[in-house]
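The values are calculated or read from the model by the stated rules, or taken from the named source; none is laboratory data. Since this is a predicted model, take the numbers as computed values, not measurements. Because the Cβ atoms are built from the backbone with ideal geometry, glycine has one as well, and the counts that use them run over all protein chains shown. Side chains included, ligands, DNA and RNA excluded: accessible areas come from the protein's heavy atoms. Shrake-Rupley method; radii C 1.70, N 1.55, O 1.52, S 1.80 Å.
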Amino acid sequence: MAYAKTIGYREPAGQKAVTFAAQQINYILGDCGRSWIVGFGKDYPLRPYHKSSYNSFIDFPMRGQDNGDIGGDFMHSTTVNRFILYGAVVGGPSWDDSFLDNREKYEYTDKSFHNRPPQLKTKLVFMTAHR
């Protein structure tokens with residue numbers, strides 16, 4: 001988007017850059033059949049690697065247990081996270097678009113807040129460019 005802004009949005013290369021950025025945002029939001037943003041769209045990730053949204057402490061069998069046991073429950077349980085971590089962007093798919101919604105495979109499900117600033121900047125540029 002910075003490239004498109006520099007050369008001009010109405011130039012052919014600028015329009016191509018804007019189209020590519022829009023495709024990337026739409027992919028993240030769910031054009032590929034699933035959303036990569038927790039709590040948004042169709043088939044979003046249900047098991048992000050985030051202990052507070054999983055929260056073993058509220059389950060009766062784990063209440064009062066050792067932290068090591070609770071950590072093991074977090075890692076190995078297939079239970080859906082009890083609280084939705086709205087807006088978190090997960091690591092996303094493999095090179096072939098496969099995705100494992102499994103906390104043990106944290107490279108797929110770890111929330112990646114460092115991915116959010118470029119997306120927000122792109123959205124802001126879209127909003128200011130298309131007024």
Filter result for Gly72 (in a helix (DSSP H, G or I) and at pLDDT below 85): yes
Matching residues in the range 1-35 - criterion: being under 17 Å from Val90 (Cβ atoms) and of a type in the set (A, V, I, L, M): Ile25, Ile28, Leu29
Wholly within the range 1-63, helices (runs of 4 or more DSSP H) carrying at least 3 residues that are open to solvent by less than 40 Å² (accessible area, probe 1.4 Å) and either at pLDDT below 85 or of a type in the set (Lys, Arg) (or both): 12-26
Enumeration of residues in the range 86-102 that are acidic (Asp, Glu) and surrounded by 14 or more Cβ atoms within 10 Å (Cβ to Cβ): Asp101
